[in-house]
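A short write-up of the structure that comes next.
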Amino acid sequence: MSSETAQSLPAFVIRRGTPADAAALAEFGARTFRETFAADNTAEDMEKHLASAWSPSLQDAELRDPRLDTLLAVDSGGALAGFAQLRDEYAPACVPTRKPVELKRFYVDRPWQGRGLARELMAEVERAARRRGARELWLGVWERNERAQAFYRKCGFERVGTQIFVVGDDPQTDHVMLRKL
Ligand SMILES: CC(C)(COP(=O)(O)OP(=O)(O)OC[C@H]1O[C@@H](n2cnc3c(N)ncnc32)[C@H](O)[C@@H]1OP(=O)(O)O)[C@@H](O)C(=O)NCCC(=O)NCCS
């Protein structure tokens, strides 16, 4: 799981997260969420959401949870460049599946966007979902997050419905997207 530069040095590797990654993942997840969505949310909603979703103890629990897979893209200096989390648990009514696997989070740091890392991370996500026995993969993406929707369409996802995702006290509409594996 690596990407080679012209000099054949690995630019990044994708590996499974472990509890030792909890603090770095909490910092990275909160920062990338803030960078992506702060401009379109109130400071109060943003802080409330971040406090509910990102802390070393929360990510430690996620990294130990057998229902979750956490995949980390790590650069040549050991810093996080992106991550993905799959959850084997639940699907909304608009997703017809006998084995619901959700792409719960998918984030690539700004310097790495548009450089192919997201595609490689998605390929690992698909492999992890198949290992869980999934035939489909679904996700929710904010209706206003057009870059992510464009990326997911490139990866074969299609919109099948909507669901509500609450950021702080703000109920937001997500597009539910689905693809066959
Ligand atoms: C979503 C994300 C993983 C996609 O990775 P990426 O490396 O940026 O993806 P790509 O550049 O390969 O693809 C994005 C596509 O959207 C297009 N795009 C860029 N800005 C856009 C915009 N404002 N509106 C519509 N399309 C846009 C790009 O041109 C590109 O399409 P192209 O390859 O046909 O030119 C990454 O941008 C990211 O992590 N964003 C912040 C976090 C986030 O939103 N995560 C998803 C939460 S559901």
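State whether one or more residues within segment 94-116 are of a type in the set (Phe, Trp, Tyr) and in a helix (DSSP H, G or I).
Initially, segment 94-116 is screened for residues of a type in the set (Phe, Trp, Tyr), giving 106-107, 112.
Next, from what is left, pick out any that are in a helix (DSSP H, G or I): 112.
For segment 94-116, residues of a type in the set (Phe, Trp, Tyr) and in a helix (DSSP H, G or I): present.
Name the pairs: first residue in segment 148-169 and of a type in the set (Ser, Thr, Tyr), second residue open to solvent by 40 Å² or more (accessible area, probe 1.4 Å), Cβ to Cβ under 7 Å, at least 6 apart or on different chains?
Cβ pairs passing all conditions: THR162/THR173.
Out of (1) more than 25 Å from ARG34 (Cβ to Cβ); (2) away from the ligand (no atom under 11 Å from the Cβ), what's the single condition that is false for ARG153?
Only one criterion is unmet by ARG153, namely (2).
Only one residue in ALA30, ALA22, ALA38 is closer than 25 Å to ALA129 by Cβ, small (Gly, Ala, Ser) and open to solvent by less than 60 Å² (accessible area, probe 1.4 Å). Which one? Write out each step before concluding.
On the way: ALA30 fails: closer than 25 Å to ALA129 by Cβ; ALA38 fails: closer than 25 Å to ALA129 by Cβ.
Going through ALA30, ALA22, ALA38 in turn, the sole match is ALA22.
Can you tell me which residue in segment 127-148 is least open to solvent (accessible area, probe 1.4 Å), limited to those that are in a loop (DSSP other than H, G, I, E, B) and away from the ligand (no atom under 13 Å from the Cβ)?
Once the filter is applied, the top-ranked residue is ALA134.
Quick one: ARG119 ticks every box in (1) within 10 Å of the ligand (Cβ to nearest atom); (2) open to solvent by 40 Å² or more (accessible area, probe 1.4 Å); (3) assigned to a strand (DSSP E or B); (4) not acidic (Asp, Glu) bar one, so which box is it?
Just one mismatch for ARG119, condition (3).
How many residues are aromatic (Phe, Trp, Tyr) and assigned to a strand (DSSP E or B) if we restrict to segment 149-181? I'd like the intermediate steps shown before the answer.
Within segment 149-181, the subset aromatic (Phe, Trp, Tyr) is 151-152, 157, 165.
With the extra rule that they be assigned to a strand (DSSP E or B), the set shrinks to 165.
So the count comes out to 1.
Of (1) part of a helix (DSSP H, G or I); (2) modelled with pLDDT of 95 or more; (3) open to solvent by less than 60 Å² (accessible area, probe 1.4 Å), GLN85 satisfies all except one. Which?
Going through (1) part of a helix (DSSP H, G or I); (2) modelled with pLDDT of 95 or more; (3) open to solvent by less than 60 Å² (accessible area, probe 1.4 Å) one by one, GLN85 breaks only (1).
Suppose we filter segment 93-111 for residues that are touching a residue at least 40 places away in the same chain (Cβ under 8 Å), surrounded by 17 or more Cβ atoms within 10 Å (Cβ to Cβ) and more than 12 Å from the ligand (Cβ to nearest atom); how many remain?
So the answer is 1.
Pick from LEU72, LEU80, LEU58: which is surrounded by 13 or more Cβ atoms within 10 Å (Cβ to Cβ) and over 15 Å from PHE33 (Cβ atoms)?
Details: LEU80 fails: over 15 Å from PHE33 (Cβ atoms); LEU58 fails: over 15 Å from PHE33 (Cβ atoms).
On inspection, the qualifying residue turns out to be LEU72.
The values are calculated or read from the model by the stated rules, or taken from the named source; none is laboratory data. Predicted, not measured: the structure shown is a model, and the values here were computed from it. FYI the Cβ positions are ideal-geometry reconstructions off the backbone, even for glycines, and counts take in every protein chain you see. Quick note on the areas: whole protein, heavy atoms, side chains included, nothing else; ligands and nucleic acids left out. Shrake-Rupley method; radii C 1.70, N 1.55, O 1.52, S 1.80 Å.
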